[in-house]
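Heads up: the structure comes next, in structure tokens.
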Amino acid sequence: MFIGPFMLVFALVFLAPIAYSLYLSVFRTQMVGGTTFVGLDNYARALQDPQFWEGLSRVSLFLVVQVPIMLGIALLVALAIDSGRLYGKSFFRISIFMPYAVPAVVASLMWGFMYGTRFGLVGNINDTFGITLPNPLSPDLVLASIANIVTWEFVGYNMLIFYAALRVVPHSLYEAAEIDGASQWQVVRSIKIPAIRGALVIATIFSIIGSFQLFNEPSILQSLAPNAITTSFTPNLYAYSLSFSGQQYNYSATVAIIMGLITMVIAYVVQLRGMRKEA
Amino acid sequence: MTVRSRRVLRGTAVAGVLALGLAACSSGETGSGEAAQDAEAALEEGGEITVWAWDPTLESVAADFEAENPNITVNLENVGTGNDQYTALQNAIAAGDGVPDVAQIEFYALPQFAISEALADLTPYGADQLEGTFTPGPWGAVQQEGAVNALPTDSGPMALFYNARVFDEHGIEVPTTWDEYVEAARQLHEADPDAYLTNDVGDAGFTTSLIWQAGGRPYQVDGTDVTVDFTDAGTQQFTSTWQTMLDEELVAPVGSWSDEWYQGLSDGSIASLVIGAWMRGNLESSVPGASGDWAVAPMPRWESGQDVTAENGGSSLAIPAASENADLAWAFLEYATVGDGVATRVAEGAFPATVAELEDPAFREQEFEYFGGQAVNEVLAESAAQVGEGWQYLPFQVYANSIFNDTVGQAYVSGTTLTEGLATWQEQSVAYGNDQGFTVDQ
């Protein structure tokens, strides 16, 4: 009885959108011919769609390169701040966390201006030093440029997760280590990292989801580099383009569902692995 | 191309009165009379209409219309420019809710709305009798298979806008053919490596317009039978010339409508544009710093002596079929496109699509301080009369344009050629068309 109101909200807010997407994904609406039931045709099409797979492999590459770098930096900073050997540690903590408070859209615009080779920061550096830096918005480099923005945005957020986990490590452990004559490096390796494994797993899962959902940054930069960032640059951008310029709502829903499933599976595998090691 | 510019046009008061007169004469005899009478009755009865448009000159038109008809309220809403608005409109039509009574739609997007029967046919209001009122290009764009889907508000006959100060400084002659244009681009870039004759990062509207001028007709549409063919002679003529521009890096890699673009137009590092006539008003309002520098010449020709131009952009106002106030909407639409609204819009810098306006000596001889006292409209109006005939857009041009940079755009950033890019664009357009239930051949 008491679960009634909760179930109602749950059904409305969580189940209904998923159900509606599933419903959309088994139909096909044409400009000529109207709407027909097509069963799993949209799924078959998505699985053979080179644009979808290209986008997926792009975000996968992003995942395996950007996420370790970002989490590595976040961990280093968290350990440095936690070590207590840093002057002005609250200043560093705030400054590094600050970019997370900047909306992704604003951050992308800001970086987009800096990347400009004519009037942007890159252009200014070129003019000042008389050199020619490679264009960060060229097709070869644009993914790395986006990774740079995302890293800048989220290092602080992940740092805070790690730092919070480090703060709850009992001090008695450090004292015991000191008595045993352990070096700082040994303390980090044998006490701190194992103690925050849970936080590491959580941060990794968030980052995986974030990578697969990459949308804001490429979508904003698209107007600056329309030829480098195609309409199917990431799976999310592809779903968006399909729906909004192409009016292929059904196929767009299908792509979204498949991406959701893939993300869930990978996040789940990471969680299982993370937990098993912990045990 | 999404034209973020103010483009406008006005119809002539004469034409407006004539149309009203015709409609009035035929009352009781034909369907058109009845609908027009309904519109007049609706005007008297009053009410409220919603207009979705981004054209800034419509604000004064709506205000004047309200002043003339005190019991009518016009809610003018800017829901986005170009594609953003089409998306919103498409969604509203699909949902059957929140559909505006009048919507601004560019010519290239009209077939897409017309094919899905989303727009009201304006023939019952006597719109079919306005044929001679508009220039052939815009008129051809708004009608399809006997139905009039919208009325043109402005047109974009193309011309060469160039920075005369920069041209003089480097002793560059105004090009009259595209070969001369390429030569001028070389000359300028050599004289000043920071300056380019023009900018281009891949723009569907520009590319199709140049193919149009060269005599290419890549799109053939007959109902739901569509042909896409980017291999004809006109297309090849365009690609061979423009490929040279790209290969020799003679175009500035700056996207139109960006801040960099306006900066380049202002400081002379982008020294010319071959673009629609609406650019006149846009330069005046958005590039005030370069006042006195710019001039207008006829669009370069593919063969010297040839008198063919093309249209670039141009908008219309349409009434969605789902509008509940269609009669009142027509009254406003008529006022804005052929009635007194036209004069208001031209006064605010719009470029008309109506014959009487374009032939009006007062319009043609007007001297523009911004253009060093040149009678710019003379050149632009001449271009309007020379637009190549028989051009058609795809009934899914909005989508096709959205994937232009995915395909043809690759020629601007990689080793792909324009011809290859156009082939990919063709292939993907054909696939989409077939997928949407059209019969598309290559």
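Which of B:Ser315, B:Ser209, B:Ser60 ends up with the largest GNM mean-square fluctuation for chain B, with Cα atoms connected below 10 Å?
The residue that fluctuates most here is B:Ser60.
Under a 5 Å amide H to amide H cut-off, with H placed in plane at 1.01 Å, what residues pair with A:Phe27 once short-range neighbours are removed?
Distant-sequence amide H within range of A:Phe27: A:Val38.
From the square roots a ≥ b ≥ c of the eigenvalues of the alpha-carbon gyration tensor of the protein assembly as shown, which class results: rounded (a/c under 1.5), prolate (a/b over b/c), or oblate?
prolate
Once the Cα atoms of helix B:376-385 and of chain B are each reduced to a long axis, what angle between those two axes, in degrees from 0 to 90 to the nearest 10, is obtained?
The angle comes out at about 70 degrees.
Counting other beta carbons within 10 Å of each Cβ, put B:Asp267, A:Asp140 in order, fewest first.
Values: B:Asp267 16, A:Asp140 12.
If I rank by nearby Cβ atoms, fewest first, I get A:Asp140, B:Asp267.
In degrees between 0 and 90, to the nearest 10, how far off the longest principal axis of chain B does helix B:83-95 point, with axes built from Cα atoms?
Approximately 40 degrees, to the nearest 10.
List the residues, sorted by chain then number, that are 5 or more residues from B:Gln374 or on another chain and whose placed amide H is less than 5 Å from its amide H.
B:Phe368
7 Å from Cα along Cα→Cβ at both A:Phe113 and A:Met275: what's the point-to-point distance in nm?
My value for the distance between the label points is 4.7 nm.
Connecting C-alpha atoms closer than 10 Å in a GNM of chain B, tell me which of B:Val342, B:Val182, B:Val274 has the biggest fluctuation.
B:Val182
Mind listing the long-range amide H neighbours of B:Val387? Cut-off is under 5 Å, sequence gap 5 or more, other chains count too, H placed in the peptide plane at 1.01 Å from N.
Under 5 Å from the amide H of B:Val387 lie the amide H atoms of B:Thr309, each far enough along the sequence or on another chain.
Going by a ≥ b ≥ c, the root eigenvalues of the Cα gyration tensor, does the stretch A:42-278 fall in the rounded group (a/c under 1.5), the prolate group (a/b larger than b/c) or the oblate group?
Oblate, because a/c is 1.5 or more while a/b does not exceed b/c.
Which whole-angstrom value gives the distance between the alpha carbon centres of the stretch B:215-273 and the stretch A:128-167?
About 35 Å separates the Cα centre of the stretch B:215-273 from the one of the stretch A:128-167.
Report, in whole Å, the centroid distance computed from the Cα atoms of the stretch B:378-419 and the stretch B:291-309.
Their Cα centres are 18 Å away from one another.
Can you give me the distance in nm between label points at B:Thr439 and A:Ser60, each placed 7 Å from the Cα along the Cα-to-Cβ direction?
Label-label distance for B:Thr439 and A:Ser60, simple model: 4.2 nm.
Can you sort B:Thr133, B:Thr439, A:Thr204 so the residue with the fewest Cβ neighbours within 10 Å comes first? Intermediate values should be presented prior to the final figure.
Numbers: B:Thr133 25, B:Thr439 13, A:Thr204 19.
In increasing order of surrounding Cβ atoms, one gets B:Thr439, A:Thr204, B:Thr133.
For the stretch A:197-232 and the stretch A:1-55, what is the separation of their Cα centres, given in Å?
23 Å
So what's the angle, to the nearest 10 degrees on a 0 to 90 scale, between helix B:326-337 and the longest Cα principal axis of chain B?
The angle comes out at about 40 degrees.
Along Cα→Cβ, 7 Å out, is where each label goes; now give me the distance between the ones at A:Phe91 and A:Ile179 in nm to one decimal.
3.8 nm
Tell me, what ³J(HN,Hα) does each residue in the stretch A:217-234 have, in order and in whole Hz, if you take phi through Karplus 6.51 cos²θ - 1.76 cosθ + 1.60 with θ = phi - 60° and put x for Gly and Pro?
With coefficients 6.51, -1.76 and 1.60, one gets 5, x, 5, 6, 5, 4, 5, 8, 9, x, 7, 7, 9, 7, 5, 10, 4, 10 Hz.
Considering only the other residues whose Cβ falls under 10 Å of the Cβ of B:Ser316, what net charge follows from Lys and Arg at +1 and Asp and Glu at -1?
Numbers: positive: none; negative: B:Glu106, B:Asp154.
That sum, taken over residues with Cβ under 10 Å, equals -2.
Would you calculate a helix-derived [θ] at 222 nm for chain A, using -39,500 (n - 2.57) for each DSSP H run of n ≥ 4 and dividing by the full residue count, to the nearest 500? Write out the running numbers ahead of the final one.
Working: 14 runs with 194 residues, N = 279.
Value at 222 nm, helices only: -22500 deg cm²/dmol.
Pop the C-beta distance of B:Asp222 and B:Ala191 into the FRET formula with R0 = 45 Å and round what comes out to the nearest 0.05.
About 0.35, to the nearest 0.05.
May I ask you to list the GluC sites (Glu not before Pro) in the stretch B:41-128 that are in a DSSP loop and have at most 13 other Cβ atoms within 10 Å of their Cβ?
Filter output for the stretch B:41-128: B:Glu117.
For chain B, with a Gaussian network of springs between Cα atoms less than 10 Å apart, report the residue from B:Gly216, B:Gly409, B:Gly47 with the top mean-square fluctuation.
Top of the fluctuation ranking is B:Gly47.
Test of understanding: ordering B:His189, B:His170, A:His171 by Cβ neighbours within 10 Å, fewest first, what list do you get?
Arranged by neighbour count, lowest to highest, B:His189, B:His170, A:His171 become A:His171, B:His170, B:His189.
How much net charge surrounds A:Asn227 when only other residues with a Cβ under 13 Å from its Cβ are counted (Lys, Arg +1; Asp, Glu -1)?
For residues surrounding A:Asn227, the net value is -4.
Every number in this text was worked out from the coordinates using simple rules, so none of it is lab data. Remember, it's a predicted structure, so these values are computed and weren't measured experimentally. All Cβ positions, even for glycine, are placed from backbone atoms using ideal geometry, and neighbour counts span all protein chains on display.
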